[in-house]
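Working notes, beginning with the structure itself.
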Amino acid sequence: MLTGIHVAFIGGDARQLEVIKRCIQLDAMVTLIGFDNLESNFTGATKRPLTCDVLKDADALILPIVGTDDSGYVESIFCSKQLKLQEEHVASLPKHCVVYTGMAKPYLRGLLEPKNIPLVELLDRDDVAIYNSIPTVEGALMMAIQNTDITIHGSNSMVLGLGRTGLSMARALHSLGARVKVGARRQEHLARIYEMGLTPFHIGEVRQHVTNVDFVFNTVPQLILTAEVIAQMPQSAFILDLASKPGGTDFRYAERRGIKALLAPGLPGIVAPKTAGQIMAQTLSRLIAEQTRSRGNQHG
């Protein structure tokens, strides 16, 4: 339970609603900042403007998946006013307050570090990233089907990167009957790809492997699909870049070649906000409870 814990939310999208519901169920005191246009009223939550006064007794501050942009603005689909997190807001947080977000840009780190406010980035956590790979893969398959005129079954499909999303993506394509090649760097990843019954190759040799691809799913957040690589692809190929912005594809050159290439970060929040929100809610409620217990032990 989170009885007696003050959890403040600043901004967010439909995913945050699941986290808010969970915190209320667990008996936390909940303050919503940047939720002015939210239709449903949560019993047990208070809507407030972004002021230092509101934050001064927060035990946990929950920001959206991308905490702030490079200038400190916090995205909120439930608020028409802009929300900007500034130094004075952070200065008003109690020393024990923990800030939770999906991923933090340098602006947010720059605000929190000098004040020694702990920051937890949920997307860095294996559990969250693995759970999130499920709606990511479903969304990726949906986009691949919508944007092509062939089946995934029997296709030549390529996955770049065998991280948490890449592994789930490769497995799903294989189970749908695609011929799957997977590019990775680490020897143990190449061994794992082979063990899965897929075709491994070193990602540095991607150029030699794209000559007959139908689908390419990139999960590596650096430029892998360069103009030189795309030049070797058939014009009918479809590229779906699942890496965080700006992705790992030369989109300008792909367009010039007439190859359809889409950047699709943040798919869980688009295709399955309820499930993605429940994943965040489960992890966040556990972390906040642990944080409170450890604080109690320190004082005890």
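Please tell me if Ser175 is open to solvent by 10 Å² or more (accessible area, probe 1.4 Å), of a type in the set (Ser, Thr, Tyr), closer than 30 Å to Ala281 by Cβ and out of contact with any Ser or Thr (no Cβ under 7 Å at 6 or more places or on another chain). Yes: the conditions hold for Ser175. Only one entry of Val180, Val220 meets the criterion of being buried (at least 21 other Cβ atoms within 10 Å of the Cβ), farther than 26 Å from Arg125 by Cα and of a type in the set (A, V, I, L, M), and that entry is Val180.
When Glu290 is tested against (1) at pLDDT 95 or above; (2) open to solvent by 50 Å² or more (accessible area, probe 1.4 Å); (3) not aliphatic (A, V, I, L, M), exactly one condition is not met: (1).
Across the range 6-27, the number of residues qualifying as open to solvent by less than 10 Å² (accessible area, probe 1.4 Å) and either β-branched (Val, Ile, Thr) or over 14 Å from Asp59 (Cα atoms) (or both) comes to 6.
Taken over the range 28-45, the criterion of being out of contact with any His (no Cβ under 8 Å at 6 or more places or on another chain) and either open to solvent by 70 Å² or more (accessible area, probe 1.4 Å) or touching a residue at least 60 places away in the same chain (Cβ under 8 Å) (or both) is satisfied by Asp36, Asn37, Glu39, Asn41, Thr43.
The set of residues in the range 48-59 being open to solvent by 80 Å² or more (accessible area, probe 1.4 Å) and in contact with a Ser or Thr (Cβ under 8 Å, 6 or more places away or on another chain) consists of Arg48, Asp53, Lys56. Among what's in the range 103-149 and is touching a strand residue (DSSP E or B) at 6+ places or on another chain (Cβ under 9 Å), of a type outside the set (S, T, N, Q) and in contact (Cβ under 8 Å) with a residue 60 or more places away in the chain, pick the residue that is nearest to Asp57 (Cα to Cα). Of everything passing the filter in the range 103-149, Val120 is nearest to Asp57 (Cα to Cα). Residue count for the range 261-272 satisfying the condition of being outside any loop (DSSP other than H, G, I, E, B) and either open to solvent by 40 Å² or more (accessible area, probe 1.4 Å) or over 15 Å from Val213 (Cα atoms) (or both): 7.
Residues checked against (1) at pLDDT 95 or above; (2) closer than 18 Å to Gly277 by Cβ; (3) among the β-branched types (Val, Ile, Thr):
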| position | (1), (2), (3) |
| --- | --- |
| Leu55 | yes, no, no |
| Val99 | yes, no, yes |
| Arg109 | yes, no, no |
| Ile130 | no, yes, yes |
| Ile152 | yes, no, yes |
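Could you list, in sequence order, the residues of the range 95-150 that are among the basic types (Lys, Arg) and open to solvent by less than 80 Å² (accessible area, probe 1.4 Å)? Of everything in the range 95-150, those that are among the basic types (Lys, Arg) and open to solvent by less than 80 Å² (accessible area, probe 1.4 Å) turn out to be Lys105, Lys115, Arg125. Does the range 152-191 hold any residues that are hydrophobic (A, V, I, L, M, F, W, C) and either touching a strand residue (DSSP E or B) at 6+ places or on another chain (Cβ under 6 Å) or outside the structural domain of Phe238 (by the TED database) (or both), and which are they? Across the range 152-191, the qualifying residues are Met158, Val159, Leu160, Leu162, Met169, Ala170, Leu173, Ala178, Val180, Val182, Leu190.
The values are calculated or read from the model by the stated rules, or taken from the named source; none is laboratory data. Because the structure is predicted, anything quoted here is derived from the model rather than measured. So basically every Cβ, Gly included, is an ideal-geometry build from the backbone, and we count neighbours across all protein chains shown. Accessible surface areas use protein heavy atoms only, side chains included; no ligands, DNA or RNA. Shrake-Rupley method; radii C 1.70, N 1.55, O 1.52, S 1.80 Å.
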